Amino acid sequence: MAKWDFWRDRWSQLLLGLAALLDLALFAYLAAVYGRLPEEVPLHFNRAGLPDRTGVPSGLFVLPLAGLLAWLANGSVGLFFYQARRERPVAYILWGATVAIELAAWLALVGLLA
């Protein structure tokens with residue numbers, strides 16, 4: 001494991017590290033504002049922009065948890081393609097998609113809290 005090419009590839013480290021950092025920051029931000037949230041918050045909006053589902057603020061933690069699951073899944077599958085299959089472009093696409101998922105989770109949380 002210590003001799004894997006992954007440890008010398010800055011792009012792979014950047015993509016996975018950025019995704020992890022974004023998800024960790026999302027958890028931290030949500031934890032920081034959690035005490036100031038009302039007892040009931042919107043959890044989903046319809047096409048017209050009106051809340052169609054509300055719930056307790058702890059329901060917002062689904063966003064960073066989904067990001068964490070995406071990081072684990074795409075990170076693992078990407079690592080398989082990177083190391084075992086030598087399909088680095090596939091790994092980069094998976095890891096880049098993970099960054100996009102984390103950014104989408106940030107946008108969703110900011111939109112729900114606005």
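The values are calculated or read from the model by the stated rules, or taken from the named source; none is laboratory data. Every value quoted in this text rests on a predicted model; they were computed, and no experiment measured them. No Cβ is skipped: glycine too gets one built from the backbone with ideal geometry, and neighbour counts run over all protein chains shown.
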**Request:** Evaluate the following for Ala114: is it surrounded by 15 or more Cβ atoms within 10 Å (Cβ to Cβ), closer than 18 Å to Phe61 by Cα, of a type outside the set (D, E, K, R) and at pLDDT below 95?
**Result:** no
**Prompt:** Only one residue in Leu79, Leu15 is in contact (Cβ under 8 Å) with a residue 60 or more places away in the chain, buried (at least 18 other Cβ atoms within 10 Å of the Cβ) and in a helix (DSSP H, G or I), so which one is that?
**Reply:** Leu15
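Surrounded by 15 or more Cβ atoms within 10 Å (Cβ to Cβ) and more than 19 Å from the chain's Cα centre (by Cα): does that describe Val99?
Criteria not met by Val99.
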